[in-house]
Amino acid sequence: MKKIILGTLIAAASLMAASYADCAGCHGQKGEKKALGKSKVIKGWSVAQTVAAMNGYKDGSYGGPMKSVMVAPAKKLSDADIQAIAETISKF
């Protein structure tokens with residue numbers, strides 16, 4: 001029984017910690033890459049800067065010529081998801 005509970009907790013924690021995982025493919029494991037060679041490096045952005053950018057992608061008010069790449073991923077995120085990702089990025 002303990003193994004089942006521990007396994008469930010580990011699985012749940014890995015799902016919660018994976019919030020930035022979808023971003024890492026383009027932005028790098030620590031936000032160190034220019035996504036598609038064109039974006040800004042997001043490593044070390046403040047929480048406020050990341051939240052503003054993500055919300056801007058959601059409503060179409062932020063981004064340059066490649067912003068359409070970020071619209072769909074941003075729209076899938078809740079406010080809590082955006083906050084968690086922003087906090088992760090701010091610690092890189």
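For residues that are closer than 17 Å to Val69 by Cα and either over 12 Å from the mean Cα position of the chain (by Cα) or not small (Gly, Ala, Ser) (or both), tally how many sit in region 23-50.
Looking only at that region, the number is 14.
Among the residues that make up region 25-47, is at least one of them in contact (Cβ under 8 Å) with a residue 24 or more places away in the chain, within 15 Å of Glu87 (Cβ to Cβ), in a helix (DSSP H, G or I) and not aliphatic (A, V, I, L, M)?
Looking for residues that are in contact (Cβ under 8 Å) with a residue 24 or more places away in the chain, within 15 Å of Glu87 (Cβ to Cβ), in a helix (DSSP H, G or I) and not aliphatic (A, V, I, L, M), one finds none in region 25-47, hence no.
Quick check on my filter: what residues within region 34-92 are among the aliphatic types (A, V, I, L, M), surrounded by fewer than 14 Cβ atoms within 10 Å (Cβ to Cβ) and closer than 16 Å to Ser19 by Cβ?
Ala80
Test Tyr57 against the criterion of being modelled with pLDDT of 90 or more, closer than 17 Å to Ile85 by Cα and aromatic (Phe, Trp, Tyr), and give yes or no.
Numbers: modelled with pLDDT of 90 or more: yes; closer than 17 Å to Ile85 by Cα: yes; aromatic (Phe, Trp, Tyr): yes.
The answer is yes for Tyr57.
The values are calculated or read from the model by the stated rules, or taken from the named source; none is laboratory data. Bear in mind the structure is a predicted one, so any value in this text is a computation, not a measurement. Virtual Cβ from ideal backbone geometry, glycine too; neighbours counted across all protein chains shown.
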